[in-house]
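To start, the structure under review is shown below, and the notes come after it.
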Amino acid sequence: MEGVPEHLRDDGADDDGNGLEDALANLKGDLDKAMQDVLYARAETQNVRRRLEKDVQDARNYGATNFARDILSVADNLSRALDHVPEELRESEKAKNFIAGIEATQRELEKVFGQNGITRIAAKGMPLDPNQHQAMMEIPTDEAEPGTIVQEMQAGYMIKDRLLRPAMVGVAKKPD
């Protein structure tokens, strides 16, 4: 081994083969570390895939949320229009078909809401739920328990399991 410095020469006379065993132990350690890294990489890949699938599902379920919020004002106005039609106008032959058409439009809108997972929140007579109702005023009354909704100013809606718009309500309180 000419030209090799003394401290780098391996003349095969090492102490009981410990150098080879050390090298083998280092390689086993490196292999174990590489296997662990592969397991972590697989787990991370699986987590990323699950998050992506959830994001895609949420996009399908809730993608129309902004549009649904906007169309709620149309439903509100349609409902208010029907609520303010005087009884004598409902009985008028000239207006009867017109009003029936508006009512049919409202039913169709409610059907489309149902097909897209948009449901109305129950309010009147229910206890106040701050997750679904927004209390706008307190109404003194003996006819209902305090904290019970006695008036609904604006309907609330859910889209699947998420709040689309809270119901604006009046809540009973004990009279003074």
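The values are calculated or read from the model by the stated rules, or taken from the named source; none is laboratory data. A quick note: this is a predicted structure, and the numbers were derived from the prediction, not measured. Please note: Cβ atoms are built from the backbone with ideal geometry, for glycine as well, and neighbour counts cover all protein chains shown. What goes into the accessible areas is simple: the full protein's heavy atoms, side chains included, and nothing from ligands, DNA or RNA. Shrake-Rupley method; radii C 1.70, N 1.55, O 1.52, S 1.80 Å.
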Inset, instruction - Could you check how many residues of region 46-71 are over 30 Å from Thr105 (Cα atoms) and not in a helix (DSSP H, G or I)? - result: 0
Inset, instruction - Report yes if some residue within region 83-91 is part of a loop (DSSP other than H, G, I, E, B), open to solvent by 100 Å² or more (accessible area, probe 1.4 Å) and not aromatic (Phe, Trp, Tyr); otherwise report no. - result: yes
Legend entry - Filtered residue count, region 8-45, keeping only those that are open to solvent by less than 70 Å² (accessible area, probe 1.4 Å) and either assigned to a helix (DSSP H, G or I) or at pLDDT 80 or above (or both): 8
Inset, instruction - Among residues belonging to region 53-86 that are modelled with pLDDT of 90 or more and of a type in the set (Asp, Glu), point out the one that is farthest from the chain's Cα centre (by Cα). - result: Asp83
Legend entry - Every residue from region 141-157 that is in a strand (DSSP E or B) and closer than 22 Å to Pro175 by Cα: Thr148, Ile149, Val150, Gln151, Glu152, Met153
Inset, instruction - Take Met153 and decide whether it is of a type in the set (A, V, I, L, M), within 16 Å of Asp76 (Cβ to Cβ) and loosely packed, with under 15 Cβ neighbours inside 10 Å. - result: yes
Inset, instruction - Among the residues of region 126-137, count how many are part of a loop (DSSP other than H, G, I, E, B) and either touching a helix residue (DSSP H, G or I) at 6+ places or on another chain (Cβ under 7 Å) or polar (S, T, N, Q) (or both). - result: 2
Inset, instruction - Could you grab me the full set of residues in region 79-118 that are closer than 23 Å to Asn61 by Cα and aliphatic (A, V, I, L, M)? - result: Leu109, Val112, Ile118
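Yes/no matrix, rows are residues, columns are (1) surrounded by 14 or more Cβ atoms within 10 Å (Cβ to Cβ); (2) not in a strand (DSSP E or B):
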residue	(1), (2)
Leu78	yes, yes
Lys111	no, yes
Lys124	no, yes
Ile139	yes, no
Inset, instruction - Evaluate region 55-62: report whether one residue or more is open to solvent by less than 60 Å² (accessible area, probe 1.4 Å) and either in contact (Cβ under 8 Å) with a residue 12 or more places away in the chain or in contact with a Cys (Cβ under 8 Å, 6 or more places away or on another chain) (or both). - result: yes
